[in-house]
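The values are calculated or read from the model by the stated rules, or taken from the named source; none is laboratory data. All of these numbers come straight from a predicted model, not from anything done at the bench. Ideal geometry is used to build each Cβ from the backbone, glycine not excepted, and the neighbour counts take in all protein chains shown. Each accessible area value is taken on the protein alone, full model and side chains, heavy atoms only, with ligands, DNA and RNA left out. Shrake-Rupley method; radii C 1.70, N 1.55, O 1.52, S 1.80 Å.
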Amino acid sequence: MSVLVGDELEGRLRADGVKRLYVIPMLEPAQLRPSSIDLRLGNQFIVARNAVMSALDLSAKSPEVRKQILQYQERMVFPFLSGKPFVLHPGQLVLGSSFEYIALPLDLEARIDGRSSLARLGLTVAGALSIAPGFKGVITLELANHGNTPLVLHPGLIIAQLVVSGTQGEAPYSARYLYPIGPQFSKLAEDKHLSIWAGEVHSPSGG
Amino acid sequence: MSADVFVHLAFELRRKVDALRRDAGRLEVKDYPTGTPLLLIKLIGASLDIIEAISSKLVPTEPDHLQRLRGLHTLVNIIGAHHRYVERSVTPNTPWSMVSCLEDFFRNVAGVSSVFLVRPMWNYNYAIIPNLNKYYETLISGQLDGKPVPASLGELPDINIVSFPYQERLNVVLHCCLGHEMGHTFWSEWAKDHLKALSATAQQRVAAHYVATQDPAAAAQAIKLSGPILKRGLEETLADLVGAHLLGPSALFATFEFAMTREMDTVPSSPYFYPCWRFRIRQMAAFLEDELDLLKNGDWNSVEGQCPKPVSEESRCYAEWVSEIRKIALSREDSAAMQGQPVLEIVYEIVEREIPRIMSWLKTSKAGLRYSLRDEKGLVLQLVSMLRNHLPPVESGQWPDVKRADFRSILNAACLSKLLRIDGLIDKDQPAIEAQGVADLLTLKAIESSHVQQRFGSLVQQESQR
């Protein structure tokens with residue numbers, strides 16, 4: 001299905017009931033663009049604690065992966081009125097989130113586009129490639145500084161665009177991330193197949 | 001004592017102050033939700049400067065200076081220990097999404113010359129320590145032989161410490177108990193016109209009662225007790241009513257949640273003489289009578305088209321809560337528990353007689369601070385609807401003409417939605433406790449969003465239009 005533009009996109013923001021697209025709060029109407037909605041940077045970040053980990057073994061046993069991920073990363077908060085910015089250093093990858101809480105109706109999906117004006121300064125922004133119909137929450141953004149200069153990021157900065165498309169039919173939302181209000185830690189440990197590749201489950205034929 | 005001891009004590013004082021300054025340096029660079037903890041660091045620092053200046057003028061040859069040096073040690077110990085308020089108020093220890101909103105609200109209520117530091121404590125309670133600046137001034141002036149305290153303390157706003165139980169930091173609706181703590185800041189304003197006369201009446205009536213007993217010792221003891229019992233009874237009741245005035249039914253909701261874990265009819269006793277919880281709930285329920293009527297008899301349909309629940313269940317749930325509150329309030333078991341204790345009976349008769357005047361004083365002199373659920377009912381209904389749909393309850397209406405919700409409406413909606421959740425009427429797709437956790441976080445998100453909109457929304461729009 002095609003990307004929602006103009007009146008169609010605005011109409012979904014104005015719609016009643018189950019057809020409504022929520023973007024809460026929009027600080028200004030100008031956040032609505034012809035074919036997207038500007039999203040601001042939230043004030044929570046998940047950063048790596050490199051000093052405490054030698055490596056992150058992605059195929060370790062599930063509880064171990066979960067523990068490692070929590071050990072490897074920590075949440076930091078930069079309240080809006082504290083005036084303190086987040087500094088993203090060259091080569092650093094962190095998880096941030098949109099300030100806006102998004103609620104997609106069951107017949108719309110969305111994707112996140114970074115801003116070219118930020119990319120030209122070295123900052124790349126990626127969200128989930130596709131945000132499923134029915135998703136509700138702030139959107140976790142992977143932020144990386146590919147430049148040579150530390151970048152000072154103030155919560156509230158317009159960081160990305162939400163591009164919304166229609167779907168054919170409706171599907172109930174059944175994903176791992178329910179109603180987040182800040183960036184979410186990876187839930188890789190919930191992958192059912194990890195145990196196979198970690199050697200915990202052996203082939204019945206022995207081999 | 002020898003001069004050696006004086007020199008040693010003076011050395012120790014300088015060392016202690018130096019250690020506290022280094023603590024301050026360490027604390028200054030921590031992350032806080034607002035700038036208020038840094039103001040407290042400054043206040044403590046300014047106090048230490050004054051104490052050091054006083055100590056520098058003490059000499060071992062003066063007979064009383066050793067004692068004064070010891071006094072300064074005590075001051076440093078007391079004031080320095082207040083760094084703990086700063087240390088505990090770092091961002092992750094607080095409900096940071098609502099701290100700046102609360103601080104702004106408290107400041108508006110109390111006046112712009114005051115600031116409020118919201119900090120957690122392990123004690124399961126809410127509390128307020130008013131005006132640390134004045135406390136420090138009093139402590140320091142005792143060491144100045146009647147000379148005025150240097151002006152540096154007065155350059156800072158009055159700092160009040162507001163405490164909440166750490167383990168409940170995300171239990172956002174319980175924080176409506178802070179309305180009561182704000183009420184304590186109203187006490188002196190009310191008490192200066194009324195307390196003296198009421199205390200005299202209480203003493204006279206207690207004395208008259210004991211005349212017949214012909215037991216002067218018991219009479220003296222009873223008269224002595226009447227003062228603190230009366231003061232505590234009036235102050236706590238006034239603070240409860242202020243909480244209800246500022247925050248509406250959410251204040252009663254939180255007080256009830258707090259109270260229901262305790263014995264309702266424990267009579268006031270030494271050393272604090274707190275009133276019975278039943279008595280307090282009765283007064284709040286009476287003050288909020290109109291709002292409770294609205295909850296009991298109003299149509300509270302927050303159901304949007306897609307929700308299957310019939311309207312009546314939601315209204316019934318609120319009506320039952322009101323009935324429960326009124327049932328508790330109607331019982332006079334607290335009065336029965338006080339029977340046979342003449343001081344309590346006499347004093348509480350005076351307190352109860354005074355309450356309509358306190359209510360009237362609030363409704364007239366503090367009318368501008370009142371939160372009215374009746375006025376905000378439509379908005380609150382929409383916010384409850386947002387919570388049941390797992391959205392932050394922050395606005396109503398159709399974009400772009402949305403109405404931003406004040407944090408008090410958000411809190412009232414959160415309380416109502418909690419009643420629906422406990423009753424099993426909403427969030428059936430999730431375990432109830434998990435669903436409550438989600439609702440708490442959505443409420444915190446809403447409070448933060450509302451506050452950011454309030455502080456930055458118009459600025460952002462003005463900049464866009466330039």
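Here are a few things to note about the model shown:
- Given R0 = 22 Å, the distance between the Cβ atoms of residue B:286 and residue B:324 translates into a calculated FRET efficiency of 0.90.
- 17 Å Cα-Cα reach of residue A:19 towards aspartates and glutamates, excluding residues that sit fewer than 8 places from it in its own chain: A:7, A:8, A:10, A:107, A:109, A:170, B:304
- Between region A:71-100 and region B:120-175, the alpha-carbon center distance in angstrom: 32
- Taking the Cα centre of region A:1-135 as reference, the dipole from Cβ charges on Lys and Arg (+1) and Asp and Glu (-1) amounts to some 440 debye.
- Shape class for chain A, computed from the alpha carbon gyration tensor (a ≥ b ≥ c): oblate, with a/c not under 1.5 and a/b at or below b/c.
- In plain terms, if you count all Cα to Cα distances in region B:377-464 and split them into 5 Å steps from zero, the share in each step is 3, 16, 25, 23, 14, 10, 5, 3, 1, 0 percent.
- Over 30 Å apart at the Cα level, from the set B:147/B:231; B:231/B:327; A:67/B:445, are B:147/B:231.
- Local electrostatic count, residue A:78, Cβ distance below 14 Å [Lys/Arg +1, Asp/Glu -1]: +1
- Once the Cβ-Cβ distance of residue B:433 and residue B:266 is raised to the sixth power relative to R0 = 30 Å, the FRET efficiency obtained is 0.55.
- Distance violations [Cα-Cα > 31 Å] among B:42/B:196; B:363/B:403; B:196/B:377: B:42/B:196; B:196/B:377
- Dipole magnitude for region B:2-169: about 240 debye, using +1 per Lys or Arg Cβ and -1 per Asp or Glu Cβ, origin at the Cα centre.
- Burial ranking of peptide ranges B:217-229, B:442-454, B:154-166 (average Cβ count within 10 Å, highest at the top): B:442-454, B:154-166, B:217-229
- Accessible-area order (highest first, 1.4 angstrom probe) of the listed residues B:59, B:351: B:59, B:351
- Degrees separating the helix B:65-80 axis from the principal Cα axis of chain B, which is the longest one: 20
- Note, ³J(HN,Hα) from phi for region B:360-366, Karplus 6.51, -1.76, 1.60, rounded to Hz, x at Gly and Pro: 5, 4, 5, 5, 9, 6, 10
- The mean number of partner chain beta-carbon atoms within 10 angstrom of a residue's beta-carbon across peptide A:41-48 is 1.
- Given charges at beta-carbon only (K, R positive; D, E negative), |dipole| of chain B in Debye: 620
- Chain-alone versus full-assembly comparison, region A:97-135, residues with accessible loss of at least 40 Å² (1.4 Å probe): A:99, A:101
- FRET efficiency, 1/(1 + (r/R0)^6) with R0 22 Å, evaluated for residue B:194 and residue B:375 via beta carbons: 0.15
- When the charge dipole of region B:191-237 is built from unit charges on Cβ atoms (+1 for Lys and Arg, -1 for Asp and Glu) and taken about the Cα centre, the candidate among B:219, B:198, B:209 whose Cα reaches farthest toward its positive end is B:198.
- On Cα atoms only, tilt of A:62-72 relative to the major axis of chain A in degrees: 70
- Along region B:433-438 the Karplus relation, 6.51 cos²θ - 1.76 cosθ + 1.60 evaluated at θ = phi - 60°, assigns HN-Hα couplings of 5, 4, 4, 5, x, 4 Hz to successive residues, with x for each Gly and Pro.
- Taking N as its residue count, the alpha carbon Rg of chain B over 2.2 N^0.38 Å: 1.13
- Here residue B:57 is the anchor, and the aspartates and glutamates within straight C-alpha reach of less than 15 Å, apart from those fewer than 8 places off in the same chain, are B:49, B:145.
- Ordering of B:283-292, A:64-73 by packing [mean C-beta count within 10 Å, highest first]: B:283-292, A:64-73
- Buried on complex formation within region B:86-101 (loss of at least 50 square angstrom of accessible surface versus the isolated chain, 1.4 Å probe, ligands and nucleic acids ignored): B:96.
- Interface size A-B, as summed buried accessible area [1.4 Å probe, Å², nearest 100]: 3100
- Close amide H partners of residue A:147, meaning residues 5 or more places away or on another chain with modelled amide H under 5 Å apart, are A:91.
- When the charge dipole of the protein assembly as shown is built from unit charges on Cβ atoms (+1 for Lys and Arg, -1 for Asp and Glu) and taken about the Cα centre, the candidate among B:11, B:81, A:78 whose Cα reaches farthest toward its positive end is B:11.
- Overall form of region B:2-169 per C-alpha gyration tensor (a/c, 1.5; a/b vs b/c): prolate
- Three-way shape label, the protein assembly as shown, alpha-carbon gyration tensor, a/c 1.5: oblate
- The residues neighbouring residue A:130, those whose beta-carbon lies less than 12 Å from its own, together hold a net charge of 0 under the Lys/Arg +1, Asp/Glu -1 convention.
- Helix axis angle, B:277-287 relative to chain B longest principal axis, alpha carbon, degrees: 60
- Restricting region B:67-150 to chymotrypsin sites (Phe, Trp or Tyr not before Pro) in coil, as DSSP defines it, with at most 16 other Cβ within 10 Å: B:122, B:124
- Inter-chain Cβ neighbour count for A:18-31, averaged per residue, equals 6 (cutoff 10 Å, partner chain atoms only).
- A simple rule links phi to the HN-Hα coupling: the Karplus curve 6.51 cos²θ - 1.76 cosθ + 1.60 with θ = phi - 60°, which for region B:41-54 gives 4, 5, 5, 5, x, 5, 5, 5, 4, 5, 4, 5, 5, 5 Hz, with x for Gly and Pro.
- Residue-level accessible surface for residue B:296, protein heavy atoms, 1.4 Å, Å²: 80
- Rounded Å value of the spacing that divides the Cα centres of region B:328-393 and region B:24-59: 40
- Working from label points 7 Å from Cα in the Cα-to-Cβ sense, the residue A:149 to residue B:167 distance is 5.1 nm.
- GNM top mover of A:135, A:45, A:80 - chain A, alpha-carbon springs below 10 Å: A:80
- Farthest toward the positive end of the dipole of the protein assembly as shown, out of A:21, B:249, B:109, is the Cα of B:109, where the dipole comes from beta carbon charges about the Cα centre.
- Reachable lysines from residue B:428, criterion Cα separation under 16 angstrom, eight or more residues apart if same chain: B:309, B:418
- If both residues of a DSSP beta bridge must be in region B:63-183, then about 25% of such bridges are antiparallel.
- Neighbour net charge for residue B:373 - beta-carbon separation under 10 angstrom, K R +1, D E -1: -1
- Distance-filtered residues of region B:234-278 - backbone nitrogen under 20 Å, label point 7 angstrom along residue B:221 Cα→Cβ: B:267-274
- Per-residue [θ]222 nm for the protein assembly as shown (sum of -39500 (n - 2.57) over DSSP H runs n ≥ 4, rounded to 500): -16000 deg cm²/dmol
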